[in-house]
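A.B. asks: Once you've had a glance at the structure underneath, I'll fire off some questions.
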Amino acid sequence: RAKQHGKAGHHFFEPSLDERARHRRQLEADLRDAIRSGRFELHYQPLYSLTEERLTAFEALIRWPHPTLGLVSPADFIPLAEETGLITQIGEWVMREACRQASSWPEPLAVAVNLSARQFLCPTLPSMVVQALAESGLPPQRLEVEITESAFAANAEKTIETLHALRELGVRIALDDFGTGYASLSHLRMFPFDKLKIDQTFVRDLASEGNGHAVIRAITTLADALGIETLAEGVEEAAQLAVLRREGCRQIQGFLLSRPIIGNEVELFIADRTSRTEVIRYAPEMES
Ligand code: C2E
Ligand code: MG
Ligand code: MG
Ligand code: MG
């Protein structure tokens, strides 16, 4: 233990642990406050179909404007929300708000909502989704949920049961960050997903030499054989887009098309004829 390690260890080690614990407690208290006062924002990032040459959906991404820390990214508070169980309330707020906003978008644009592993252990998840759809009037076909492979690690059987319940509602199911989890391929046998979201780590080095192209081709070939849509995450460069198109990837998402945008700017983005979608559509010509 730190105290038995002498003065240096004591001074060096203990205060930092203490500091971290205090910071965590404070953040948890702030998170509870934010839930009580509904102080979160949803930003939306467009998903674009290369095969249909149109926008298909927007992914809802939560942001937390913190009174002193600024805009806190989900990577910094979703894990804490999961550990403390606060994710159930946050997840419900996200679902209701995303469905509400999406119901005013032109048809057939869909909204994609991230569900965390912990939410799958909550028996009322399907009824929460039913409620959000009902109060917003959003047709279930225009809702897509994204789950990561960690949902299988927590409780595979329960997760699969819940996925079937959601599917029966008419909601589509995407497997997020595909390829980064443990035993990715076995998850494809457990549930007939509608879409694979190929993790951005597979997209990052596509413009350089290496076997990245072959990995993308293997995934799209497999997905085609199973009748599953493919989407590449984190597309930032026209050169990456060119490879993805050539290797048969059907949809893309990334900064090349747009960063996540604030909710009330979504309709402007859709209406803007000179928008970035033109950049995507004509990118192959720019490449050659
Ligand atoms: P994700 O679902 O895989 O979302 C994609 C992340 O990649 C987003 O980060 C997005 O801003 C970022 N991204 C998109 N395009 C690019 C690109 O071209 N380059 C780079 N470098 N990044 C790009 P964000 O918004 O920080 O979210 C991080 C993660 O937090 C999400 O990963 C998701 O797992 C989780 N998350 C976000 N919102 C929610 C939510 O409402 N509920 C739950 N449970 N998790 C959420
Ligand atoms: Mg996602
Ligand atoms: Mg992802
Ligand atoms: Mg991710």
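The values are calculated or read from the model by the stated rules, or taken from the named source; none is laboratory data. Predicted, not measured: the structure shown is a model, and the values here were computed from it. Note: ideal-geometry Cβ built from the backbone for every residue, glycine included; neighbour counts use all protein chains shown. What goes into the accessible areas is simple: the full protein's heavy atoms, side chains included, and nothing from ligands, DNA or RNA. Shrake-Rupley method; radii C 1.70, N 1.55, O 1.52, S 1.80 Å.
A.B. asks: How much of the calculated P(r) for the stretch 118-159 lies past 14 Å, in percent of all Cα pairs?
C.D. replies: 55
A.B. asks: Still on this structure, I have one more. For the stretch 40-94, state the average projected area of the convex hull of the C-alpha atoms over all orientations, rounded to one decimal in nm².
C.D. replies: 4.8
A.B. asks: Can you give the Kirkwood hydrodynamic radius for the stretch 58-142, in Å, rounded to one decimal and based on Cα pairs? Display every interim value, and only then the final one.
C.D. replies: Working: mean 1/r = 0.0729 Å⁻¹.
13.7 Å is the Kirkwood radius here.
A.B. asks: A further question on this structure: With a Förster radius of 30 Å, plug the Cβ-Cβ distance of THR180 and ASN264 into 1/(1 + (r/R0)^6) and report the FRET value to the nearest 0.05. Please report the intermediate quantities before stating the final value.
C.D. replies: Numbers: r = 33 Å, r/R0 = 1.09.
Result of the calculation: an efficiency of 0.35.
A.B. asks: Also, quick follow-up: So if the hydrodynamic radius of the chain is defined as the Kirkwood radius over C-alpha pairs, what does Stokes-Einstein give as its diffusion coefficient at 25 °C and 0.890 mPa s, in µm² per second?
C.D. replies: Estimated via Stokes-Einstein, D reaches 119 µm²/s.
A.B. asks: So what is the accessible area of the chain per residue, in Å², with the probe set to 1.4 Å?
C.D. replies: 51
A.B. asks: Based on the Kirkwood radius over alpha-carbon pairs, what value in µm²/s does the Stokes-Einstein equation return for the translational diffusion coefficient of the stretch 99-207 at 20 °C and 1.002 mPa s?
C.D. replies: The estimated diffusion coefficient comes to 147 µm²/s.
A.B. asks: Could you check how many percent of all C-alpha pairs in the stretch 133-288 are farther apart than 24 Å?
C.D. replies: Details: 5064 of 12090 pairs.
In whole percent, the share of Cα-Cα pairs in the stretch 133-288 beyond 24 Å is 42.
A.B. asks: Distance between Cα centroids, the stretch 41-99 to the stretch 148-200: provide it in whole Å.
C.D. replies: 19
A.B. asks: Give the share of C-alpha pairs in each 10 angstrom bin for the stretch 222-277, from 0 to the last occupied bin, in whole percents, shortest bins first.
C.D. replies: All Cα pairs, binned at 10 Å, distribute as 21, 42, 29, 8 percent.
A.B. asks: While we're looking at this one, here's another question. May I ask you to derive the relative contact order of the chain, considering only C-alpha pairs under 8 Å and at least 6 residues apart, and to give it as an integer percent?
C.D. replies: Once normalised by length, the contact order is 16 percent.
A.B. asks: Along the charge dipole of the chain, Cβ charges K/R +1 and D/E -1, which of ALA154, PHE193, GLY248 sits furthest on the positive end?
C.D. replies: ALA154
A.B. asks: Would you mind working out the magnitude of the charge dipole of the chain relative to its Cα centre, with +1 at each Lys and Arg C-beta and -1 at each Asp and Glu C-beta, to the nearest 20 Debye?
C.D. replies: 720
A.B. asks: Given a 1.4 angstrom probe, I'd like the percentage of the accessible area of the chain that is carbon and sulfur, rounded to a whole number. Could you put the intermediate results ahead of the total?
C.D. replies: Working: 7690 of 14580 Å².
Heavy-atom surface of the chain belonging to carbon and sulfur, 1.4 Å probe: 53 percent.
A.B. asks: What are the equivalent ellipsoid semi-axes of the stretch 7-160, built from the alpha-carbon gyration tensor (square roots of five times its eigenvalues), in whole angstrom, biggest first?
C.D. replies: That gives 34, 18, 16 Å for the three semi-axes.
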